[in-house]
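See below for the structure under consideration.
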Amino acid sequence: MIKAVDVKRIFTGRGITVRAVDGVSLEVAKGEVVVVIGPSGSGKSTFLRCINGLESFNSGHIYIDGVDLADRKTNINKIRAEVGMVFQQFNLFPHKNVLENLTLAQIRVRRRSRTVAEEKSRQLLVKVGIADKEKEYPSRLSGGQQQRVAIARALAMDPKVMLFDEPTSALDPEMVGEVLDVMKQLAREGMTMVVVTHEMGFAREVADRVIFMDQGKVVETGTPEHFFTSPREERTQLFLKQVL
Amino acid sequence: MNATGDTWPWRLLLAVILLGMAAAIWGAVQKIDYEWRWYRVPQYFFYKAEDLQKAPFDGQVSAIDGQGRVTAVTVTSAAGEKAVLEVDSASVKVELEEEVFSGDAVGFSSSWKMGPLIMGMWTTIWISFVSGILGLIIGLLTGLARISKNFTINGLAAVYIEFIRGTPLLVQIFIAYFFVGTVFNLSRNVAGVGALALFAGAYIAEIVRAGIQSISRGQMEAARSLGMTMPQAMLDIILPQALKRILPPLSGQFISLIKDSSLVSVIAITDLTKSGREIITSTFATFEVWLVIAAMYLIITSVLSQLVFYMERRFAVSD
Ligand SMILES: Nc1ncnc2c1ncn2[C@@H]1O[C@H](COP(=O)(O)OP(=O)(O)O)[C@@H](O)[C@H]1O
Ligand SMILES: [Mg+2]
C-alpha cells in the first residue's frame with residue numbers, strides 16, 4: 001500500500017542544513033497499522049507529510065498503491081484524496097459547521113452530490129460519536145470532539161490510508177481516550193494506518209509494527225512486544241524510559 | 001470602580017464638552033461678523049423647475065380642463081390634429097377658442113428636480129462604488145500575486161504597490177487624466193475612476209496579503225490533504241476566513257476611498273466637492289455650503305460603517 005525507498009528531505013536555510021528525513025525506507029501493507037515513535041525533531045512529521053505530498057522530498061521514492069509520488073506526471077491532488085491526514089492541531093475549518101467540514105471536499109474533490117455527501121457525513125458522525133453536533137461550529141466543540149470530527153472529515157473521502165500526526169498531543173488528558181477509541185475501532189476494521197504518537201498503550205493494543213526514528217533515520221523496527229520487552233538500541237531504550 | 005455601574009455621569013460630561021465646543025465655535029463666528037444664509041442652501045438639494053409649454057402647431061384652443069393645480073389645455077389644428085398640454089392652473093395663458101400659432105406659450109408646467117448637491121452626492125457615490133469594486137478586484141489579485149512563489153508575478157505586484165503608495169493620489173489623478181487619458185483617449189470619468197481604483201487596489205492588496213498570511217498554515221494543509229486544489233482551497237477555505245478578518249481594515253479603506261474621491265474634482269468631474277465649489281461661486285454662502293458638504297460625506301461614510309458593522313455580526317456566527 002505504501003512503499004518508501006530511501007526518502008531524504010533536507011532543509012537548508014540561513015547557512016544551516018537540517019537533514020529532517022535522512023534515508024527512510026518503509027513498507028506498509030494493506031490493513032497494517034504502523035506506529036512511529038521518536039523524540040521531538042526526529043523527522044516524524046516531515047516523513048508523514050512527505051507521504052501525502054504536503055512536503056516535497058529531495059531524493060528517494062514513495063509509492064502509494066503503486067503510484068510514484070516522485071514522478072512529475074503524478075497528480076498529487078488525486079493521491080492526497082486517497083491518503084487521509086489527521087493533524088495535531090485538528091485544523092478544522094472554523095468558518096464551516098461540522099457537517100460542512102465533512103461535505104466540502106466530498107463535493108469539491110469526489111464530485112458527490114450534496115445529498116450523498118451529507119448522508120455519508122452523518123454516518124461517519126455517528127461512527128465517531130458526535131451525531132448530535134452536526135450544526136455546531138468547531139469553536140463550540142471540545143478538543144476531543146474536534147479531533148473526532150477531523151478524523152471523520154478525512155474518512156469521508158474514503159481514503160486507502162490514514163496518517164495521524166500526534167492526534168492526541170494537543171488534547172487534555174481526559175479527552176485522549178475518546179479519540180484513541182475511534183482510532184482503535186478504525187484499526188480493527190482493517191484501515192491501513194501510519195500513526196505518530198507517544199501513546200504506548202495504543203501501540204501495544206493495535207500496532208502491527210512500531211518504528212523508532214531519531215535524527216531523520218529509522219533506528220529500530222519491531223513489534224510492540226519487542227519494544228516493551230527488549231529494545232535493542234541504546235537510543236531506543238533511553239527514549240522509551242522517558243515516555244513510559 | 002464597578003465596570004457595570006452607572007455611566008450617566010460620563011454621558012453628561014460628554015454632552016457638556018460637546019455643547020461647550022459648539023458654544024465656542026458659535027462665539028468665534030460671532031466675532032468675525034458672518035451673515036448666515038442657510039435659506040439659500042435647500043434649493044440646491046431640490047428645486048422646482050418651470051418648463052414653458054408651447055403649442056406644437058397652429059390651431060385653436062378647443063378645451064381647457066381645470067382640475068385643481070393642473071390644467072389640461074387641448075389644442076386642435078385645422079386638420080383635426082389634437083394635442084393636450086398639462087400646465088399649472090395659475091399659469092394658463094390662453095382662453096377657450098383662442099387662435100394659437102406654433103410656438104405660442106400656453107403656460108408653464110413645473111416639476112421637482114434634483115439640485116447640484118444631490119447630483120454631486122450621486123456622482124460621489126457611484127464613483128466611489130465603481131472604483132471600490134474595481135479596487136477590490138485589483139487588490140485581491142495583487143494580494144494573491146504578492147504571496148505567489150513566482151518571482152515575476154510577485155515582482156510586478158511589488159512594483160505596482162510601491163509606485164502607488166509612494167506617490168500622491170492627486171498626482172496620480174493628473175497623470176491618469178492628462179497623460180494616460182490623452183494617450184488612450186479616455187474620458188475624465190474613466191480616468192478618475194481608474195486612478196481611484198488603482199490607488200485603492202494597492203492598499204487593499206496589502207490588506208489582503210496580510211489577511212491571507214494571518215490564516216494558519218494548517219488550514220491550507222488540511223484542505224490540500226483532502227485533495228483540494230490550490231484554487232479550491234483558496235476560494236473555499238482561506239479567502240472566506242481572511243475576508244472576515246480583514247473586514248475592519250477593508251472598510252476603513254473604503255471610507256478613505258469615498259473621501260479621497262473628492263480629489264477627482266480637479267479634473268472637472270462634478271462630484272459633491274466640485275458641486276459645493278460651484279454653489280459657493282453663486283451664493284457666497286461659504287460656511288454653510290462646506291458644512292453641508294461635510295455632513296453629506298459623513299452620511300455616506302456612516303451608512304457604509306453601519307453596513308460593515310452588520311456584516312461583521314453576520315460573520316460572527318462561527319466564533
Ligand atoms: N519547513 C521547515 N523548514 C526548516 N526546517 C524544518 C521545517 N520543517 C521541519 N524542520 C526541521 O526538521 C526537523 C524535523 O522536524 P519534524 O519532522 O517536525 O520532527 P518531529 O515531528 O519528529 O518532531 C526539525 O529539526 C525541524 O526543525
Ligand atoms: Mg511532529
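Given R0 = 41 Å, the distance between the Cβ atoms of A:T223 and A:S113 translates into a calculated FRET efficiency of 0.40.
The residue among B:S89, B:I161, A:M175 whose Cα reaches farthest toward the positive pole of the charge dipole of the protein assembly as shown, with charges on the beta-carbon of Lys, Arg, Asp and Glu, is A:M175. Among B:I258, A:I10, the sequence by solvent-accessible area, most first, with a 1.4 Å probe is A:I10, B:I258.
Label-to-label distance, A:V5 versus B:A22, with points set 7 angstrom from Cα along the beta-carbon direction: 8.5 nm.
Pairwise Cα distances in segment B:48-113 exceed 13 Å for 57 percent of all pairs.
Between B:E98 and A:H61, the distance separating the two model label sites (each 7 Å from Cα on the Cα→Cβ line) works out to 10.5 nm. Here each label is just a point 7 Å from Cα along the line to Cβ, and for A:R14 and B:A294 those points are 5.1 nm apart.
Set against the 2.2 N^0.38 Å expectation for a compact globular protein, the protein assembly as shown has a Cα radius of gyration ratio of 1.50.
Kindly work out what percent of the DSSP beta bridges joining two residues of the protein assembly as shown are antiparallel, to the nearest 5. Within the protein assembly as shown, antiparallel bridges account for around 75 percent of the total.
Placing unit charges on the Cβ atoms only, positive for Lys and Arg and negative for Asp and Glu, gives chain B a dipole magnitude near 1920 debye about its Cα centre.
Among the trypsin sites (Lys or Arg not before Pro) in segment A:30-133, those placed in a DSSP loop whose Cβ has at most 10 other Cβ atoms within 10 Å are A:R72, A:K73, A:R111. Helix B:116-146 and the longest principal axis of the Cα set of chain B meet at an angle near 20°. For the listed peptides B:134-140, A:217-223, B:25-31, a ranking on the average number of other beta carbons within 10 Å per residue, highest first, reads B:134-140, A:217-223, B:25-31.
Summing Cβ point charges (Lys, Arg +1; Asp, Glu -1) relative to the Cα centre of chain A gives a dipole of roughly 940 debye. Take the Cβ atoms of B:F151 and B:V190, set R0 to 30 Å, and the FRET efficiency comes out at 0.40. Return a whole-number percent for the relative contact order of chain B, with Cα pairs under 8 Å and 6 or more residues apart as the contact set. Across chain B, relative contact order equals 17 percent. Projecting the Cα atoms of A:F239, A:A154, B:T286 onto the charge dipole of the protein assembly as shown (Cβ charges, centred on the Cα centre) puts A:F239 farthest toward the positive pole.
Percent of Cα pairs in segment A:2-243 per distance bin of 5 Å, from zero to the largest separation: 1, 6, 14, 17, 19, 17, 12, 8, 4, 1, 0, 0. Convex hull of alpha carbon positions in segment B:208-314: directionally averaged projected area 9.1 nm².
A DSSP coil position with no more than 12 other Cβ atoms inside 10 Å describes the following chymotrypsin sites (Phe, Trp or Tyr not before Pro) in segment B:105-195: B:F184. P(r) tail for chain B, what percent of Cα pairs lie past 26 Å? Summing the P(r) tail past 26 Å for chain B gives 68 percent. Extension gain, B:R217 to B:D65, is 46.9 nm, computed as 0.36 nm per intervening residue step minus the present C-alpha separation. With no solvent and one equal point scatterer per Cα, compute the Debye intensity ratio I(q)/I(0) for segment A:104-197 at 0.12, 0.21 Å⁻¹ and report its log10, rounded to two decimals. Relative scattering, expressed as log10 I(q)/I(0), comes to -0.37, -1.14.
Principal-axis analysis of the Cα atoms of chain B puts helix B:188-214 at an angle of about 30° to the longest axis.
Over all distinct Cα-Cα pairs of segment A:14-154, the Kirkwood formula returns a hydrodynamic radius of 17.2 Å.
Only beta bridges with both residues in chain A are counted; by DSSP, about 55 percent of them are antiparallel. A:T12 contributes about 110 Å² of solvent-accessible surface, heavy atoms of the protein only, 1.4 Å probe.
Within the listed set B:S216, B:S251, B:S302, the Gaussian network model of chain B (springs between alpha-carbon atoms below 10 Å) gives the highest mean-square fluctuation for B:S216. Anyone know which of A:I130, A:I79, A:I16 comes out most mobile in the 10 Å Cα GNM of chain A? Highest fluctuation among the options: A:I16.
Too long at a 28 Å Cα-Cα cut-off: which of A:K135/B:K244; A:K8/A:K96; A:K3/A:K133; A:K73/A:K120; A:K8/A:K73; A:K3/A:K73? Pairs exceeding 28 Å: A:K8/A:K96; A:K3/A:K133; A:K73/A:K120.
If r is the Cβ-Cβ distance from B:A83 to B:K48 and R0 is 25 Å, what FRET efficiency results, to the nearest 0.05? Efficiency, rounded to the nearest 0.05: 0.55. Only alpha carbons enter this Debye calculation for segment B:42-195, each as an equal point scatterer, and the log10 of I(q)/I(0) it gives at q = 0.13, 0.17 Å⁻¹ is -0.75, -0.99.
Under the convention that each Lys and Arg Cβ holds +1 and each Asp and Glu Cβ holds -1, the size of the dipole of the protein assembly as shown around its Cα centre is about 1840 debye.
Take B:L12: with every protein chain present and a 1.4 Å probe, its accessible area is about 100 Å². For chain A, the longest principal axis of the alpha carbon atoms and the long axis of helix A:143-155 meet at an angle near 90°.
Positive end of the dipole of the protein assembly as shown (Cβ unit charges, origin at the Cα centre): among B:G276, A:V116, B:M220, the Cα lying farthest that way belongs to B:M220.
The values are calculated or read from the model by the stated rules, or taken from the named source; none is laboratory data. What you are looking at is a predicted structure, and each value in this text was computed from that prediction instead of being measured. Every residue, glycine among them, receives a Cβ derived from its backbone with ideal geometry; neighbour counts consider all protein chains shown. SASA here: full protein model, heavy atoms, side chains in, ligands and nucleic acids out. Shrake-Rupley method; radii C 1.70, N 1.55, O 1.52, S 1.80 Å.
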